[in-house]
Amino acid sequence: MRVALALLLVCAGQAWAQAPDSTKRPLARAGTTAVTAQTVPQVPATADVSAYAPRLVARPDLRPAGIVTQASERQAARIKGAVCGDPDIQGETMGNIGGPGACGVEGAVLVRSVVGVTMQPAPTIDCRTASALKDWVATGIKPAVGTTGGGVSRLRIVGHYACRSRVGGGSANNRMSEHAFGRAVDIGGIGLASGREITVLTDWNKGQAGAQLADMWRSACGIFGTVLGPNANAAHRDHFHVDTASYRTGSYCR
Ligand SMILES: [Zn+2]
């Protein structure tokens, strides 16, 4: 009886010892890596999960109803504050502005911000110019500044709609300025989140900020019909003038 039991245990022991080796495994498909004992993730023995279960299951959390409501309220506010049919341009619709003589703006808007960057103060311009300003901030100014000072937070506006003639244009001085039609904006500085400002007057041609200003100036050319900076003339030593006048010859950038 004892011998029989011992024999049974020995046989059973041999069967267990051979079990893993004799188990048939599915063949790996061409181009894939076979799963081996080495590639199976090792989990601590105490973990109450299978060694084959993914260790980190990326499962989206259900958002609390409050957050969903806040997000849709924000979206509704963005749409409500949008002008020119673009949620990235926030401001107020002003309609047609009549001025003395030829001056005036058709479909004027007061632009408070574009792509989250505050205009200080809000310029009065037309939608074509507002849209160009948005494109410039998004594709030119923001990339030029990058993470410097925490990024761009505002543009210091030193000129927008004004019924006046051109300045600093030499013989063309008596022509009406694009400002007189709400098609131009003057920018004196680019405010950073840190509170610092990249200033056209003091930073042009100087160090990193000078290089960033040069990048901004270059990126405006093409988006706007006219781009003038400190290199154009003394009247523009302290600001960038950008306008959406169109020329048959393409953009005029100096
Ligand atoms: Zn100007």
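Computed from the coordinates by the stated procedures, all read-outs in this text should not be read as laboratory data. Note that this is a predicted model, so its numbers are computed, not measured. Glycine gets a Cβ as well: all are built from the backbone with ideal geometry, and neighbour counts include every protein chain shown.
For trypsin sites (Lys or Arg not before Pro), the sites in the range 191-250 that DSSP calls loop and that have at most 11 other Cβ atoms within 10 Å are Lys206, Arg248. Positive end of the dipole of the range 69-253, charges at C-beta (+1 Lys, Arg; -1 Asp, Glu), about the Cα centre: which of Gly104, Ser251, Leu228 has its Cα farthest in that direction? Towards the positive end, the residue furthest out is Leu228.
Panel order for Glu73, Glu178, by other beta carbons found within 10 Å of each beta carbon, from fewest to most: Glu73, Glu178. Rounded to the nearest 20, the Cβ-based charge dipole of the range 69-253 about its Cα centre (Lys and Arg +1, Asp and Glu -1) stands at 140 debye. Once the chain from Ala71 to Ala193 is taken as fully extended at 0.36 nm per residue, the excess over their C-alpha distance is 41.6 nm. Among Trp136, Trp217, a tally of other beta-carbon atoms within 10 Å of each Cβ gives an order, fewest to most, of Trp217, Trp136. Rounded to the nearest whole Hz, the Karplus-based 3J(HN,Hα) values (6.51 cos²θ - 1.76 cosθ + 1.60, θ = phi - 60°) of the range 177-188 follow the sequence 6, 5, 4, 5, 10, x, 9, 9, 9, 10, 10, x, with x at glycine and proline. Taking the number of Cβ atoms within 10 Å of each Cβ as an exposure proxy, the fewest-first ranking of Lys134, Lys80 is Lys80, Lys134.
Given their separation in residues at 0.36 nm each and the Cα-Cα distance between them, Thr202 and Cys163 gain 11.2 nm when the chain is fully extended.
With a simple spin-label model that places each label point 7 Å from the Cα along the Cα-to-Cβ direction, the separation between Ile79 and Ser251 comes to 3.3 nm. For Thr118, the amide hydrogen comes within under 5 Å of the amide hydrogens of Arg154, Leu155, counting only partners 5 or more places away or on other chains and with H modelled in the peptide plane. Rounded to the nearest whole Hz, the Karplus-based 3J(HN,Hα) values (6.51 cos²θ - 1.76 cosθ + 1.60, θ = phi - 60°) of the range 238-247 follow the sequence 10, 7, 9, 9, 10, 9, 9, 4, 9, 10, with x at glycine and proline.
For the range 228-253 versus the range 90-165, the inter-centroid distance based on Cα atoms is 16 Å. Rounded, prolate or oblate: which fits the range 63-128, taking a ≥ b ≥ c as square roots of the Cα gyration tensor eigenvalues, rounded meaning a/c under 1.5, else prolate when a/b beats b/c? Prolate, since a/c reaches 1.5 and a/b exceeds b/c. Shape of the range 69-253 from its Cα gyration tensor (a ≥ b ≥ c, root eigenvalues): rounded if a/c is under 1.5, otherwise prolate when a/b > b/c, or oblate? Oblate, since a/c reaches 1.5 and b/c is not below a/b. Under 5 Å between amide hydrogens, built in the peptide plane, is the criterion, and for Arg112 it picks out Gln90, Gly91, Glu92 among residues at least 5 positions away or on other chains.
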